[in-house]
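Chemist: Questions regarding the structure given below will be posed in turn.
Each value in this text was obtained by applying a stated rule to the coordinates, not by laboratory testing. What you are looking at is a predicted structure, and each value in this text was computed from that prediction instead of being measured. Counting neighbours? That spans all protein chains shown, and the Cβs are built from the backbone with ideal geometry, glycine included.
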Amino acid sequence: MRPRQPYTSAIQALAWGLFGILVFVIILVVLRAFAAGQESAFLTGFVDFLTAETGLIIMMAVLFMIGDIFATFPLPANVPGPFFNAGASVLLVTFIVHIFRFLDSFSTIGIYPQVQALEPLLYPLVFIIVLVAGFIALAFQDRCRDREREETPVGEEKACPSWDDVGEEFRLMWYDLFRKIREELKGK
């Protein structure tokens, strides 16, 4: 089994990205209509918050969509993808910070000042982590493609293991460990 890619073509990535944006806009319109008939200050405030953050959400979705489009290309054409994903991740963190600010306006949690103090460190850290992880994923993907091109004997699996395979191995490791412990306890 080879590692799964989220999309098989750039057109598919574009279509799903645009579909996600369309679904968000439809949900926002439905929520706005529903909130108009309610007398809940929190619901009305939440819908107003989402409406105010629509530009940020759509920009974030577009950047993730562009990153997904680049991910469908072979190396070296897919190199810009991690940059778009890192930028979108920074926007996602910005949105989460705005959610904390919104929640603090309706409650006495008081978490926003602590998050606000971390903001100058948080954004560059998220950008660097996502960028490095993206390039590591590209290197792993390229290594798997090289390995698949090599000749392998008949009957052997020639693809790199998927995350499902890794999870299965991890589960079997724990099963074997507990089975051995149980056998040792029964033997004594």
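Chemist: Between Ser107 and Ala33, how high is the FRET efficiency from 1/(1 + (r/R0)^6) when r is the Cβ-Cβ distance and R₀ = 41 Å? Nearest 0.05. Spell out each step's value before the answer.
Modeler: Working: r = 26 Å, r/R0 = 0.63.
With R0 = 41 Å, the Cβ-Cβ based efficiency is 0.95.
Chemist: Now a separate question. Explain nothing, just compute: Karplus ³J(HN,Hα) = 6.51 cos²θ - 1.76 cosθ + 1.60, θ = phi - 60°, for every residue of the stretch 123-129 in order, whole Hz, x for Gly and Pro.
Modeler: 5, x, 5, 4, 4, 5, 4
Chemist: Apply the Karplus parameterisation 6.51 cos²θ - 1.76 cosθ + 1.60, with θ equal to phi minus 60°, to every residue of the stretch 63-76 and state each ³J(HN,Hα) to the nearest whole Hz, in sequence, with x for glycine and proline.
Modeler: Those phi angles translate into 5, 5, 5, 5, x, 5, 5, 5, 5, 7, 8, x, 5, x Hz.
Chemist: Provide the descending list of Cα extents for the stretch 10-162 along its principal axes, expressed in whole angstroms.
Modeler: Principal extents (largest minus smallest coordinate, Cα): 69, 35, 27 Å.
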